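Comments concern the structure below.
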Amino acid sequence: MILEIIKYGNPILRNKSEEVKELTGDIKTLIENMKETLLSSGNGIGLAAPQVGINKRLFVYSDLDDEKEPKDRLHAIINPVIKKKTGKEIGIEGCLSIPGMHAEVERAYRVVVEGMNEDGDIVRIKAEELLARCLQHEYDHLEGVMYIDIAEPETLEPDEEKKK
Ligand code: CO
């Protein structure tokens with residue numbers, strides 16, 4: 001089921017989300033629906049539960065492996081913790097909750113994130129560049145932080161119209 005993505009201004013996006021205590025059927029269904037919603041967004045690479053109105057600590061993301069079908073790139077991480085951050089890089093970010101905008105944001109270049117996947121296994125993800133950026137951006141949603149809070153303000157601008 002495709003879920004409604006809530007937009008900037010909705011206070012749910014500003015709450016600190018709660019830990020997932022148990023991997024219930026409802027949580028698994030939520031994850032499936034979030035994957036479907038992310039896939040249907042076209043250009044999104046990550047979606048956090050607060051963005052679909054649920055203040056729980058989980059998000060879905062694409063591993064960006066273009067050898068795979070888009071749906072096979074999607075993974076979930078529950079109760080993620082960023083264990084390590086190294087380096088710095090400035091890059092462009094957008095957010096499905098702030099459609100049509102982007103800005104430059106400084107993030108750690110490389111991260112190690114631990115959490116649980118949708119099968120209940122503990123996972124440790126080592127990521128860099130865009131995937132590391134995605135994981136940090138989605139993690140921030142669980143803390144009620146949005147990218148525009150930490151972006152270089154003068155770089156916030158509308159996406160360009162697609163050239164014909
Ligand atoms: Co976002």
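Taking 37 °C and 0.692 mPa s as conditions, the range 11-163 diffuses translationally at an estimated 209 µm²/s according to Stokes-Einstein applied to its Kirkwood radius (Cα pairs). Compared with the dominant Cα axis of the chain, that is its longest principal axis, helix 129-142 is turned about 70°. Counting only DSSP H runs of at least 4 residues, each contributing -39500 (n - 2.57), and dividing by the residue count of the chain, the helix-based mean residue ellipticity at 222 nm comes to -6500 deg cm²/dmol. Taking Lys and Arg as +1 and Asp and Glu as -1, the other residues whose beta-carbon sits under 14 Å from that of V52 total -1. Roughly how much of V105 is accessible, in Å² to the nearest 10, using a 1.4 Å probe? Accessible surface of V105 is approximately 0 Å². Applying the Karplus relation 6.51 cos²θ - 1.76 cosθ + 1.60 with θ = phi - 60° to the range 5-18 yields 3J(HN,Hα) values of 8, 7, 10, 3, x, 6, x, 4, 5, 9, 7, 7, 7, 9 Hz, where x marks Gly and Pro. With θ taken as phi - 60° and the Karplus curve 6.51 cos²θ - 1.76 cosθ + 1.60 applied, the whole-hertz 3J(HN,Hα) list for the range 83-96 is 7, 8, 10, 9, x, 9, 8, 9, x, 8, 10, x, 8, 5 Hz, x standing for glycine and proline. Accessible surface calculations at 1.4 Å, restricted to protein heavy atoms, place the range 11-163 at 54 Å² per residue.
Relative to the dominant Cα principal axis of the chain, helix 25-40 is inclined by about 30°.
For the range 11-163, lysine pairs with C-alpha atoms less than 17 angstrom apart, excluding pairs fewer than eight positions apart on the same chain, total 11.
The values are calculated or read from the model by the stated rules, or taken from the named source; none is laboratory data. Treat the numbers as computed from the prediction; the structure is a model and nothing was measured. Here the Cβ is made from the backbone with ideal geometry for all residues, glycine too, and neighbour counts use every protein chain on show. Please note that ligands, DNA and RNA were not included when accessible areas were found on the heavy atoms of the full protein model with its side chains. Shrake-Rupley method; radii C 1.70, N 1.55, O 1.52, S 1.80 Å.
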